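To start, the structure itself, in structure tokens.
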Amino acid sequence: MDTAPVSSPVDADQHLVEPRGMWADHIDPCHRHLALDLVDDDNANPWLTAPGGQRIEPAIVHVSGDVVTTGRRKAAIERGEPADVSYDDLLDPATSDPAARLAALDRWEIDEAVCFPNFGLLLDRPLADRPDVLHANQRAWNRWAAGVRADSGDRLHPVAHVSLRDLDRLDLELASVAAAGLRLAMVPPSLVDGQRLSHPDLDDAWAAFCHHGVTPCFHVAAFPHPFGDAWYEDDPDQVNPVLDSVFLWTPAALCLADLAIHGVFERHPDLRIGVMELSAAWFGSFLLMVDGGFDFHARFNGAPLTELPRRPSSYLLERVRVAAFAYEDPATLIEQVGTGTFMFCSDWPHAEGIPHPLDDYTRATAGRLDDVAGANLYRRNIDFLLRR
């Protein structure tokens, strides 16, 4: 068993922090009045702010691997305490600047990284009633992301941000991001205006992802809740309520089961889905429950809900790749499920991530992976989602 990963590892989940002015600089000129911004309050603390002064969330600088310090900063801003150090001075250049990020990857001996938005994770639910603002700023991120990819020599793989609420707009945006070389796009694992992801009205969405060669990805974000809103009403943190952390995996599991059981993977043989930062330890038992529930329902009702030529779990094993946190013991997960599912990830630079991505992760798998398992975990499974 090797104690080190294969050469040229790819981190499946890092984040790029959107710099001040990014949205205004990259938004359609006719929509500049819709641009998000980081607006300082009277205490010199910035807030992610939507047009009209809608404050979405404090703009905090994360300390990788240190949730306590990050939380203290957030609480101080919300209490109205003056900033003792400016947001901009606290930022590590590698959080936003492509050249600095590449230098960090070199120090960590990581070849490439998939990069999700930072503030873009906070938009879907707060802007649910302002789709014009949401869509315009998603497009601004996508344009900036395309430039980051190009400037990085294709070592950074920013993830586009798209919505399933307008399928004509979705098709145009996927064509644009694909032409710019982006191969991943974040979508909410949630109902779309009250419709399940497998609803026939959304079939054209999955066809568009396949046609343009872009892989949809589920990721932690402020998307519509998987449960009724009343479950969250007493939580002061409406962007990241505690029940979302407790049931971190539930939205992804629900959506994947829906897509498999209703035949979406069968109808779209090239559809692939990535699951990042929504944990991974659940996946093995989930496969058992998907098949068990499907089979029981068929026997109890005299016929399956959907006629499928294969077991639901077989589609999930073939098409879905899941990023595993280091603390979830990825080597054991591989023993349970197989080598073709899980991906190395760090969540850098977020507080809940790991500050020394490859070193911290490989300690969790040391001596327990053969060559095939290591190659898949550290590169080949994310390569599958990147379609290369």
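The values are calculated or read from the model by the stated rules, or taken from the named source; none is laboratory data. Not measured: the values here are computed from a predicted model. Every residue, glycine among them, receives a Cβ derived from its backbone with ideal geometry; neighbour counts consider all protein chains shown.
Some points to look at:
- In this entry, Arg79 passes the filter for residues that are basic (Lys, Arg) and modelled with pLDDT under 95.
- For segment 1-118, the helices (runs of 4 or more DSSP H) that sit wholly inside it and include 1 or more residues that are of a type in the set (Gly, Ala, Ser) are 22-26, 67-78, 98-108.
- Test: Arg196 is touching a residue at least 60 places away in the same chain (Cβ under 8 Å), more than 17 Å from the chain's Cα centre (by Cα) and more than 17 Å from Ala113 (Cα to Cα): yes
- Selected residue (only one of Ala178, Ala185, Ala222 is crowded, with 20+ Cβ neighbours inside 10 Å, over 28 Å from Arg310 (Cα atoms) and either of a type in the set (A, V, I, L, M) or in contact with a helix residue (DSSP H, G or I) (Cβ under 7 Å, 6 or more places away or on another chain) (or both)): Ala222
- For segment 283-327, the tally of residues that are outside any helix (DSSP H, G or I) and out of contact with any strand residue (DSSP E or B) (no Cβ under 7 Å at 6 or more places or on another chain) stands at 11.
- Positions within segment 349-388 being modelled with pLDDT of 95 or more and among the aromatic types (Phe, Trp, Tyr), in sequence order: Tyr378, Phe384
- Among the candidates Asp383, Asp370, Asp347, the residue that is touching an Asp or Glu at 6+ places or on another chain (Cβ under 8 Å), more than 11 Å from Ala326 (Cα to Cα), acidic (Asp, Glu) and touching a residue at least 24 places away in the same chain (Cβ under 8 Å) is uniquely Asp370.
- Pair list, Cβ < 9 Å and 6+ apart or interchain, from segment 279-304 residues that are surrounded by 13 or more Cβ atoms within 10 Å (Cβ to Cβ) to residues that are of a type in the set (A, V, I, L, M) and assigned to a loop (DSSP other than H, G, I, E, B): Ser279/Leu248; Trp282/Leu248; Phe294/Leu305; Phe294/Leu308; His297/Leu305; Ala298/Leu305
Yes or no, residue by residue, for (1) farther than 25 Å from Gly194 by Cα; (2) surrounded by fewer than 19 Cβ atoms within 10 Å (Cβ to Cβ); (3) modelled with pLDDT under 95:
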residue: Leu127; (1), (2), (3): no, no, no
residue: Arg130; (1), (2), (3): no, yes, no
residue: Ser152; (1), (2), (3): yes, no, no
residue: Ala160; (1), (2), (3): no, no, no
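- The sole residue among Ala366, Ala324 that is within 30 Å of Thr69 (Cα to Cα) and surrounded by fewer than 18 Cβ atoms within 10 Å (Cβ to Cβ) is Ala366.
- Of the set (1) at pLDDT 95 or above; (2) surrounded by fewer than 14 Cβ atoms within 10 Å (Cβ to Cβ), all apply to Met1 but (1).
- Every pair of residues 6+ apart whose Cβ atoms lie under 8 Å, when the first sits in segment 82-102 and is more than 20 Å from Asp37 (Cα to Cα) and free of Cβ contacts under 8 Å to residues at least 60 places away in the same chain while the second is part of a helix (DSSP H, G or I) and among the small types (Gly, Ala, Ser): Ala100/Ala94
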